[in-house]
1. Checking T78 against (1) in contact with a Cys (Cβ under 7 Å, 6 or more places away or on another chain); (2) over 17 Å from V206 (Cβ atoms); (3) polar (S, T, N, Q), which single condition isn't satisfied?
2. Condition first: within 22 Å of E44 (Cα to Cα) and either more than 17 Å from the chain's Cα centre (by Cα) or within 14 Å of the ligand (Cβ to nearest atom) (or both). Can you find one or more residues in the stretch 84-97 that meet it?
3. List every residue pair whose Cβ atoms sit under 8 Å apart, with the two residues 6 or more apart in sequence or on different chains, where the first one lies in the stretch 17-40 and is within 14 Å of F105 (Cα to Cα) and the second, anywhere, is of a type in the set (S, T, Y) and away from the ligand (no atom under 13 Å from the Cβ).
4. Taking the stretch 28-64 as the region of interest, how many residues are of a type in the set (S, T, N, Q), away from the ligand (no atom under 16 Å from the Cβ) and not in a helix (DSSP H, G or I)?
5. In the list F13, F32, F76, F55, which residue meets the criterion of being at pLDDT 95 or above, in contact with a Lys or Arg (Cβ under 8 Å, 6 or more places away or on another chain), more than 22 Å from W178 (Cβ to Cβ) and not basic (K, R)?
6. Counting just the residues of the stretch 250-263 that are loosely packed, with under 13 Cβ neighbours inside 10 Å and of a type in the set (A, V, I, L, M), which one comes out farthest from W178 (Cα to Cα)?
7. Can you name the residue in the stretch 139-176 that is in contact with a strand residue (DSSP E or B) (Cβ under 6 Å, 6 or more places away or on another chain) and assigned to a loop (DSSP other than H, G, I, E, B) and, of all such residues, is farthest from the ligand (Cβ to nearest atom)?
8. Just give me the residues in the stretch 208-248 being free of Cβ contacts under 8 Å to residues at least 12 places away in the same chain and surrounded by fewer than 12 Cβ atoms within 10 Å (Cβ to Cβ), in sequence order.
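The values are calculated or read from the model by the stated rules, or taken from the named source; none is laboratory data. It should be emphasised that the depicted structure is a prediction, and the values quoted were computed from it without experimental measurement. Positions of Cβ are generated from backbone atoms using ideal geometry, with glycine treated the same way; all protein chains shown enter the neighbour counts.
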Amino acid sequence: MRVLAVHADLIVFISRYWQTTCTAVRAGEEGFVIDSPIYPDELEGVSGVLEQAGFPVSGLLATHADWDHLLGRLAFPTASLGCGESTAERLAAEPGAAQRELRSFDEEQYVDDRRPLALGGIQALPVPGRLSLGSMQPERELELYPADGHTADGTAYFIPWLETLVCGDYLSPVEIPWLSPGGSLDAYEATLERLRAIIERAQTVVPGHGRPLGRDEAAKLLGEDTAYLQALRFAGADAPLPPGRQTDAQRRIHAQNVEQVNA
Ligand SMILES: [Zn+2]
């Protein structure tokens, strides 16, 4: 796992698996951890690093309900877990789905030292909305924006005082836009348009998979991803993949996208 201190109050962890990111934000005596890395040693690493760095963890947040973003409770078992309303609804509608997918990943990867994942007592947050951090600093508020399209749910978190956007599974330098079952092309394009305006205010963009990006790089990816989705709409399977992401693995995602658009 890579650990990047992007700012004195912002640490990004990047998992060895799928480069899944986990972002820790500090505001005085309070702090939040958004999403999670994957392997048990990485989850232990997050709690160890944050303890050493003096990052309090008042709560966990998730960008969406895909299992690979929901593992924070394995590192912080007693922490509250918050997410956008759409994600809370999806979790309630498919109870046990994340645990089943995690178990199948662990079986595939021979991971046998994982404790059970508890996803009870989830706090649904209004989106769009604000979440305030630090009782002494009422001006420090996370901004929540809808970010659906990759899946049926999704929330992007903007941290104004750190000029950082944590957007979930969009704007990835390592993964093409992915329309999962439940995802939609129209919603994905609308989310990219929404993110375009937020990126203008950001110095750093942390995608769900891959390293943090500067504003210009994020804007360039947004252009490439928009072009890919337009081509997907009009040319289907013939749509060219975005530059730099033309691997067999990405072609498999592309094939799923074509199916999802035709469904
Ligand atoms: Zn993901």
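1. (1)
2. Let us first name the residues in the stretch 84-97 that are within 22 Å of E44 (Cα to Cα), namely none.
Within the stretch 84-97, none of the residues are within 22 Å of E44 (Cα to Cα) and either more than 17 Å from the chain's Cα centre (by Cα) or within 14 Å of the ligand (Cβ to nearest atom) (or both).
3. These pairs meet every condition: Y17/Y39.
4. Number satisfying all stated conditions: 1.
5. Values: F13 fails: more than 22 Å from W178 (Cβ to Cβ); F32 fails: in contact with a Lys or Arg (Cβ under 8 Å, 6 or more places away or on another chain); F76 fails: in contact with a Lys or Arg (Cβ under 8 Å, 6 or more places away or on another chain).
Matching residue, one of F13, F32, F76, F55: F55.
6. A263
7. Per the criteria, the residue is R140.
8. Selection gives D216, F234, A235, D238, D248.
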